[in-house]
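Any read-out appearing in this document is the output of simple, stated calculations on the displayed coordinates, not a laboratory observation. This is a predicted model, so every value here is computed, not measured.
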């Protein structure tokens with residue numbers, strides 16, 4: 001949900017500060033920046049949110065839980081990752 005289309009990065013950063021969840025949001029943003037290095041949402045969150053402590057190993061899901069990965073595609077072998085987002089519905 002953090003990477004859903006239409007999310008306002010400034011609002012997300014503000015909410016993370018208010019909820020004292022900067023460390024969690026930063027961890028998700030780190031995973032997002034690896035999968036989508038050109039997505040400005042992730043770089044903004046990493047830049048704007050302070051580093052506040054560390055999350056113990058094993059608490060957060062593995063970064064691959066946020067992405068869909070393929071090993072063999074029509075283009076051949078090779079890992080392709082795509083960040084998982086909620087589907088937009090058109091009403």
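Computed over the chain, the per-residue total of -39500 (n - 2.57) for DSSP H runs of n ≥ 4 gives a 222 nm mean residue ellipticity of -11000 deg cm²/dmol, rounded to 500.
With contacts taken as Cα pairs under 8 Å and at least 6 residues apart, the chain reaches a relative contact order of 30 percent. Of the candidates 53, 76, 32, which one comes out as most mobile in a Gaussian network treatment of the chain with C-alpha springs shorter than 10 Å? Looking only at 53, 76, 32, the biggest GNM fluctuation is shown by 76. Here is the tail figure for region 9-83: Cα pairs spaced more than 14 Å apart come to 64 percent of all pairs. Would you mind telling me which residue in 26, 74, 11 has the biggest mean-square fluctuation in a Gaussian network model of the chain, where springs connect alpha carbons within a distance under 10 angstrom? Maximum among the listed residues: 74.
For the chain, the longest principal axis of the C-alpha atoms and the axis of helix 22-35 are separated by about 20°. Axis angle, to the nearest 10 degrees, between helix 9-18 and the longest C-alpha principal axis of the chain: 50 degrees.
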